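Here, each number is a calculation from the coordinates, and none is a lab measurement. Here the structure is a predicted model, which means the values were calculated and not measured. Note that each Cβ is placed from the backbone with ideal geometry, even for glycine, and that neighbours are counted across all protein chains shown.
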Amino acid sequence: MIAVVIATIAGTGVFLLAGASTSRSIDDAGTSAIGPHVGVLRAARDWRAQAGLASVSSTELLGTVAAVAIGGAALAVMLFGTALAALAGGLFAATFPVAAFRQRRRARIVAAQDAWPRMIEELRLLTSSVGRSLPQALFEVGATGPEAMRPAFAAAQREWMLTTDFERTLAVLREQLADPTCDATCETLLIAHELGGTGVDRRLADLAQDRRDDVAYRKDVRARQSGVRFARRFVLLVPLGMAAAGLAIGNGRAAYSTPIGQLAVLCALAMTALCWQWAGRMLRLPTERRVFDR
């Protein structure tokens, strides 16, 4: 029971550390101005919004991580039979939901990056050639956007129908999407709506071209990294397969139960996790900061 409790606490700590690391996406000047505590809270809010988990509370996320950590600790106890193995198994299992949330967030960000050039170009055509008003054009573009982005545009449209306040409408859209390109687009539309003029067409065209160049660069880099990413996943299976084979051969299970065996298992898991994290950081593409976040 003590091992299960320790694993639960450790899994919760892993999740909190992973969530706190997202504070790097906040502009340093903005963070120093509003305070580190508020900055971390805002970063966590943006992280959940980008992962499509804005409606999920932190308690529910922590509960999910804790439940998976308990399951991993129980499985480790069944295999190895010691408290140290339960701790390592709980820690390892706690990373699974965090990795799933990160993968979900990454997929949504990539989908948004691919869609924004087309959406900005459609927005430019609707406001210049077709003659739509800025709010109407924005909602029409959002209705045909990616499935994951449509609820944010629908919430912004409801805000517009209730208040007819374009600034508040764009604020709702920004909060729902937490996307740098959305921030830049909304800022352009807000200035055009408040000041008028004909410069919005050129600015949207420049922004769409910039987004197309960025998407092309990222696709080229991901294509170059595809082989390395596959090798990274494959290498992760090798030590796990060797550990499973060691359990099934001779007195391998008894060897794992000794203090030296437990220490070796813990060191191997720690080294595997550190190498996996290190390789992931090397393959990580730079992320944009929310310059116009309010």
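Table for the structure above
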quantity: Potential lengthening between Asp213 and Ala273 on full extension [0.36 nm per residue; Cα-Cα distance subtracted]; calculated: 18.1 nm
quantity: Positive minus negative residues near Leu125 (Lys, Arg vs Asp, Glu; Cβ under 12 Å); calculated: -1
quantity: Mean-position separation - Cα centroids, segment 206-279 and segment 138-174, in angstrom; calculated: 40
quantity: Least to most buried among Arg281, Arg150, Arg232 (fewest other Cβ within 10 Å first); calculated: Arg281, Arg150, Arg232
quantity: Computed FRET value (nearest 0.05) for Met242 with Thr144, which takes r as the C-beta separation and R₀ as 51 Å; calculated: 0.50
quantity: Karplus-derived HN-Hα couplings along segment 106-114 (A = 6.51, B = -1.76, C = 1.60, θ = phi - 60°), whole Hz, x at Gly and Pro; calculated: 4, 5, 5, 5, 5, 4, 5, 4, 5
quantity: Likely footprinting exposure, Trp116, Trp160, Trp278, fewest C-beta neighbours within 10 Å first; calculated: Trp278, Trp160, Trp116
quantity: R0 of 22 Å, Cβ-Cβ distance Leu41-Asp165: FRET efficiency to nearest 0.05; calculated: 0.30
quantity: Along each principal axis, Cα extent of segment 44-182, largest first, Å; calculated: 71, 29, 19
quantity: Cβ-placed point charges (K, R +1; D, E -1), dipole of segment 125-190 about Cα centre in debye, nearest 20; calculated: 180
quantity: Farthest positive-ward along segment 175-294 dipole, Cα basis, beta-carbon charges - from Tyr256, Val235, Trp276; calculated: Tyr256
quantity: GluC sites (Glu not before Pro) restricted to DSSP loop in segment 96-204 with at most 13 other C-beta within 10 Å; calculated: Glu147
quantity: Arg281/Ser57 FRET efficiency (R0 22 Å; Cβ-Cβ; nearest 0.05); calculated: 0.15
quantity: Theoretical gain in end-to-end length, Ser257 to Arg233 [0.36 nm per residue, Cα-Cα removed]; calculated: 5.8 nm
quantity: P(r) of segment 156-214 over all Cα-Cα pairs, binned every 5 Å from zero, in whole percent; calculated: 4, 19, 24, 22, 20, 9, 2, 0
